[in-house]
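In what follows, a structure is listed as structure tokens, so that the remarks can point back to it.
What follows is calculated from the coordinates using simple rules that are stated; it is not laboratory data. All values derive from a computational prediction rather than experimental measurement. Heads up, the Cβs are rebuilt from the backbone with ideal geometry, glycines too, and the neighbour counts pull from every protein chain shown.
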Amino acid sequence: MNGAETLVDTLTGQGVDICFANPGTSEMHFLKALENPRMRSVLCLFEGVCTGAADGYYRMKGTPASTLLHLGPGLANGLANIHNARRAASGMVNIVGEHSASHLKYDPPLMSDIEGLARPLSHWVRRVESPGSVAWDVSTAIAKASERPGKIATLILPGDASWQEAGAQPPLPAPVAAQAKAPDAARVEHIARVLKSGEPALVILAGQATRGRALELAGKLKAATGCRLATQFFTARIERGAGRVPLERIPYAVGQAVEYLKGFRHIITLETTEPIAFFSYPDKPSLLKAPDSGVHELVELGEDSVAGLEMLLDALGAANAPAVLQQRGDTSAPSGALNPASIAQALAAALPEHCILVDESLTTGRETMGLTVGAARHDLINNMGGSIGYATPVATGAALACPDRRVFCMVGDGSAMYTIQSLWTQAREGLDITTIIFANNSYAILKAEYANMGAGAPGPQALAMIDIDRPRIDWQAMAKSMGVPSVAVDSAEGFYKAMVASTREQGPSLIEVRL
């Protein structure tokens, strides 16, 4: 086998069986090697879709996907969603093509410092030195990406290492499942004393703590101690809805967050930090808790939240406490004008059991998410890194990870334009994704941030840099051009009906919500 064939054989042999690809000339041998029947190859029309899809795949599957990117510019195009994936602790293996070693001395036009581009957002970077080292390099990259929390591994593959024969390969270490250690017992005992004090406490969950057994244990903790449970405003993945443990959401706006947090004497964290402002604002704090509130770390990033909560419940003598569960909310279909409340009601009524909801609705979704906790059980995915254009690629990866579940992707019109190429991949792969475009023809979030920053009222030139209505984007034509059926709605009942209708058909669809 040549180096490229060895690379794909090693990927699939160690459980990485999907590649989100945007190849170029240097990767043609890799492209040929992707014909391996054990590898699913997914073509994306922009590298930011490749890396975002790998993020979404990991969030739902829990194992890394690979990407194929073309030289330094291809990697650069994918960096924004690598940033988001890193912040979400998603593992991925990026394979970046490179010129052959003998060609680099001529300074060809696409030559760049790939390591320099990769290092700030990768936990591990390596350049393949020879085809004989490919298998070991790839195996190491997979091991790094599979750590807990997940890591970004970037492997640079020169053309000659790809097309030359790899020869006999050394035995590779068997894949080892990532193991998280239990928190320190003394730390757990300290937090047990804090909760026994009866002083108001907020437990903030993130990472693995917002789903599965850990979430159930958190519900027991709430029942036993009266503490409140919350997440940061953005969380990588939350299991929520009727029959699950409800989690409050710390507000995004600084003033609202400070008000929300001021009554808590203690803040206890699992796999996250104390709440901080998303941006720095004039005359507003960066740390959002009250000055006299204590912060106590129960579970550090990479530790085992299930073990930590079990230890804490044992220390409290509350292992048998019943978990607090969310009741089913109002499922009646809404009517009338579109606003945050009616949009939330439509979502709560229309979301089917066991679906996945990817949220990048920004201004529209800030209020609606708090009103949908009583919907049917679903998983909610947020943008951890803040670089916009994440939702449609992440939805693509999530749908490939969970082909038996309908994915709903809520995104603002400004954000959607960053990676709208995702629709083409969704149509090509026949993915069950409903993309909801909240079309207010504006970067509405920036109007709010303009005021938050104390810049006053925007003038004509500033407004021209925020509004995107000249020309107005034709979302139905955009979707049709990429093979995705679409509909436009301008009422709450129309939105609800369009969501329900989308679940009755296979494949992707788009709903333009005209605000």
Computed D for the range 150-214, Stokes-Einstein, Kirkwood radius over alpha-carbon pairs, 25 °C, 0.890 mPa s, to the nearest µm² per second, is 137 µm²/s
Can you tally the net charge around ALA76? Count Lys and Arg as +1, Asp and Glu as -1, for every other residue whose Cβ sits under 11 Å from the Cβ of ALA76. -2
Given the candidates MET465, GLY336, PRO149, the one whose Cα lies deepest towards the positive end of the charge dipole of the chain, counting +1 at each Lys or Arg C-beta and -1 at each Asp or Glu C-beta, is GLY336
At ASP474 and ALA290, where each label point lies 7 Å from the Cα along Cα→Cβ, what is the point-to-point distance in nanometres? 5.7 nm
Percent of beta bridges antiparallel (DSSP, the range 340-514, rounded to nearest 5): 5 percent
Quick one: order VAL134, VAL254, VAL500, VAL188 by neighbouring beta-carbon count within 10 Å, fewest to most. VAL500, VAL254, VAL188, VAL134
The rounded separation in angstrom of the Cα centers of the range 330-406 and the range 111-153 is 34 Å
Between ARG119 and SER197, how high is the FRET efficiency from 1/(1 + (r/R0)^6) when r is the Cβ-Cβ distance and R₀ = 35 Å? Nearest 0.05. 0.15
Sorted from largest down, what three extents in whole angstroms do the Cα atoms of the chain have along their principal axes? 67, 59, 47
Too long at a 20 Å Cα-Cα cut-off: which of LYS61/LYS151; LYS61/LYS222; LYS151/LYS222; LYS196/LYS220; LYS181/LYS289; LYS151/LYS181? LYS61/LYS222; LYS151/LYS222; LYS181/LYS289
Taking other Cβ within 10 Å of each residue's Cβ, how do SER332, SER509 sort, fewest first? SER332, SER509
Coordinate range along principal axes, alpha carbons of the range 185-316, Å, largest first: 45, 31, 26
With +1 assigned to the C-beta of every Lys and Arg and -1 to the C-beta of every Asp and Glu, and no other charges, what is the dipole magnitude of the chain about the Cα centre in debye, to the nearest 20? 940 debye
Given only helices, namely DSSP H runs of n ≥ 4 each adding -39500 (n - 2.57), what is the per-residue ellipticity at 222 nm of the chain, to the nearest 500 deg cm²/dmol? -10500 deg cm²/dmol
Considering only DSSP beta bridges where both residues belong to the chain, give the percentage that are antiparallel (nearest 5). 10 percent
Where does each of LEU11, LEU43 land when they are ranked from fewest to most other beta-carbon atoms within 10 angstrom? LEU43, LEU11
What distance in nm lies between label points placed 7 Å from Cα along the C-beta direction at SER280 and LEU463? 3.2 nm
Students often forget the sequence filter, so: which lysines lie under 23 Å Cα-Cα from LYS284 once same-chain residues fewer than 8 apart are removed? LYS262, LYS447
Using label points projected 7 Å from each Cα along Cα→Cβ, tell me how many nm separate ARG213 and ALA448, to one decimal. 3.8 nm
